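Everything on this sheet refers to the single structure shown next.
The values are calculated or read from the model by the stated rules, or taken from the named source; none is laboratory data. As the structure is a computational prediction, the values presented were derived from the model and not from experiment. For neighbour counting, all protein chains shown are included, and Cβ atoms are generated from backbone atoms with ideal geometry for every residue, glycine included.
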Amino acid sequence: MKRTRGRHRPGFTLVELLVSMALIVFILVVLSEAFAQALDTFRQLKAIGDMEGRLRSAVTLLRRDIAADHFEGKRRLSDWNIFIPSQGFFCVWQGPQTADPSMTEGDDGDRITSRRRTDHILHMAVKLRGNDPQNMFSAPIGGPAATLLPDARFTRSPGVLNSQWAEVAYFLVKTGTTASPFDETATAGTPLYALYRAEWVVVPGNLYIPPTVPLSPYISSTNGRPNTPFDLAGATNNGIPPRRAFNPLQAPRTLAQVPPAASAILTDVVSFDITVQFRDVGTGVLYMNDFADVPWPAIPGQPYPTHWDSSYARGSPNASNNFCILGIQIVLRIWDVKTQLTRQVTIVEDT
């Protein structure tokens, strides 16, 4: 009798299938974790790039305004020790703020001291060079009578004032905290601020605006009267105080107080720190610090002596500044809600 032999078909055992499935699951877990890490890294890099982009926009404006002319002619801020300006001004304000006092945060691992400053203000006249429209500040004048202004050099469009001069102020307004970024009344977490830039167009000294022409809130004025570059400086030799649209003593502290001429150029700001390099006109000694670190004399009528204003004459009763500013440094630090990280940039400009 003939016997037939069965054919053996190749295949996998149950154990082999289970092992292979376990390996596939393990590989998928590793790949998914790597993919998640890559996405997280990409999100952080994008957030850092966004922060740098926001800082770059603010830095561009700050650099342009600081590097511009602030006085008549081409006089620089570092020339202040040899002249008293008759037009324009420059002011650095470091008065104390009671709600969120400035803090020194101590040294980090590299023994670098960091600090938060939320009460610093930069206030100045900015004069652009050239007569082209892109070298002019513009503001609406308002009202039908504005079309009747006699000088077409400064009113190239009906109802619009053009001028090389503007009064500019940089200041912080609280918007929330790191715990509640959009609640300006919140107290938990680190305070967050918006950096505002206010711009008021200054009427040229040789332009007459009739009293019947209403002024918009975008023009530098005092009590309804337009300010000129001479008004910004004040008649310092005669003791007449300057006339300006912005008063650091009454700087906005809430969003409701922000004037129409101001716009936020940077949000989620942790610190806006201004320091200067200055020389004692009398002794020639150089300093690089904020004003609170040197023994400034009290200014009559001013509760906060920690500010420097170019319009105060040297040796006058109001002089807190027998010092000449040679350079200015601004440190800006912002916070990102997505990554919970901060980013800092330092601006150094000769004056």
| Of the criteria (1) assigned to a helix (DSSP H, G or I); (2) at pLDDT below 70; (3) within 22 Å of Tyr170 (Cα to Cα), which one Ala145 fails | (3)
| request: Name the one entry in Arg244, Arg253 that is touching a Leu at 6+ places or on another chain (Cβ under 7 Å), modelled with pLDDT of 85 or more and part of a loop (DSSP other than H, G, I, E, B). | output: Arg244
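Looking at the stretch 225-241 only, could you name the residues that are at pLDDT below 80 and either part of a loop (DSSP other than H, G, I, E, B) or within 24 Å of Gln94 (Cα to Cα) (or both)? Working first, answer last.
If we filter the stretch 225-241 for residues that are at pLDDT below 80, which is where we start, we get 234-241.
Gly234, Ala235, Thr236, Gly239, Ile240, Pro241, listed by residue number.
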| said: Tell me yes or no: at least one residue of the stretch 4-14 is at pLDDT below 75, surrounded by 10 or more Cβ atoms within 10 Å (Cβ to Cβ) and on the phi < 0 side of the Ramachandran plot. | reply: yes
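Considering only residues of the stretch 276-307 that are under 23 Å from Glu349 (Cβ atoms), crowded, with 18+ Cβ neighbours inside 10 Å and out of contact with any Lys or Arg (no Cβ under 9 Å at 6 or more places or on another chain), which is modelled with the lowest pLDDT? Spell out the reasoning first.
We begin by selecting, within the stretch 276-307, every residue under 23 Å from Glu349 (Cβ atoms); these are 276-281, 284-294, 296, 306-307.
Keeping just the survivors that are crowded, with 18+ Cβ neighbours inside 10 Å gives 276-278, 290-291, 306-307.
Going one step further and asking which of them are out of contact with any Lys or Arg (no Cβ under 9 Å at 6 or more places or on another chain), we end up with 276-278, 291, 306-307.
Working: Val276: 81, Gln277: 79, Phe278: 76, Phe291: 58, Thr306: 69, His307: 75.
Step by step, filter the stretch 276-307, then rank; the result is Phe291.
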| message | So, in the stretch 192-223, exactly how many residues are more than 21 Å from the chain's Cα centre (by Cα) and not in a loop (DSSP other than H, G, I, E, B)? | response | 2
| task | Answer yes if at least one residue in the stretch 207-214 is crowded, with 20+ Cβ neighbours inside 10 Å and at pLDDT 85 or above, and no otherwise. | result | no
| note | Within the stretch 80-100, residues out of contact with any Ser or Thr (no Cβ under 8 Å at 6 or more places or on another chain) and modelled with pLDDT under 75 come out as Asn81, Ile82, Phe83, Thr98, Ala99
| said: Condition first: at pLDDT 80 or above, in a loop (DSSP other than H, G, I, E, B) and out of contact with any strand residue (DSSP E or B) (no Cβ under 6 Å at 6 or more places or on another chain). Can you find one or more residues in the stretch 260-272 that meet it? | reply: yes
| request: Kindly list the number of the only condition in (1) aliphatic (A, V, I, L, M); (2) over 25 Å from Ile274 (Cβ atoms); (3) surrounded by 18 or more Cβ atoms within 10 Å (Cβ to Cβ) that fails for Ile66. | output: (2)
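Which of the residues spanning the stretch 187-214 are among the β-branched types (Val, Ile, Thr) and touching a residue at least 24 places away in the same chain (Cβ under 8 Å)? Walk me through how you get there before you give the answer.
Start the filter on the stretch 187-214 by keeping residues that are among the β-branched types (Val, Ile, Thr), which leaves 187, 190, 201-203, 209, 212-213.
Once the filter is applied, which keeps residues that are among the β-branched types (Val, Ile, Thr) and touching a residue at least 24 places away in the same chain (Cβ under 8 Å), the stretch 187-214 yields Thr190, Val201, Val202, Val203, Ile209, Thr212, Val213.
Can you pull out the residues in the stretch 258-278 that are at negative phi and not hydrophobic (A, V, I, L, M, F, W, C)? Steps first, please.
Taking the stretch 258-278 first, the residues at negative phi are 258-267, 269-278.
Across the stretch 258-278, the qualifying residues are Pro259, Pro260, Ser263, Thr267, Ser271, Asp273, Thr275, Gln277.
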